[in-house]
């Protein structure tokens, strides 16, 4: 069973079944990853896999739309789209107090 370390939440460690969704585990175990939609549309659950990137599944199309190539290269993922095969350490930016929970403004690509 993979261990998930929530760095931004004081280093809280949760043991989860293999193939668990990162956001669902965070919600169930109070890991603290911010979220709004849970469906890969808003980008609120953007997080950095600091260790264990090899223990995550392949990047999804929804992530490629919301995250830049550079962010993906650095290890950023959307927690709602990420499934785990082994141990990971994850961090994220805290949402501003009293503001929206870090939601990004998404501009659709122009149709050709």
Restricting the stretch 30-41 to residues that are in contact (Cβ under 8 Å) with a residue 24 or more places away in the chain and in contact with a strand residue (DSSP E or B) (Cβ under 9 Å, 6 or more places away or on another chain), the one surrounded by the fewest Cβ atoms within 10 Å (Cβ to Cβ) turns out to be 32
Output the residues belonging to the stretch 1-25 that are in contact (Cβ under 8 Å) with a residue 12 or more places away in the chain, within 17 Å of residue 50 (Cα to Cα) and out of contact with any strand residue (DSSP E or B) (no Cβ under 7 Å at 6 or more places or on another chain).
9, 23
Number of positions in the stretch 54-73 that are in contact with a strand residue (DSSP E or B) (Cβ under 9 Å, 6 or more places away or on another chain) and either within 17 Å of residue 9 (Cβ to Cβ) or surrounded by 13 or more Cβ atoms within 10 Å (Cβ to Cβ) (or both):
10
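Here, each number is a calculation from the coordinates, and none is a lab measurement. A quick note: this is a predicted structure, and the numbers were derived from the prediction, not measured. Note: ideal-geometry Cβ built from the backbone for every residue, glycine included; neighbour counts use all protein chains shown.
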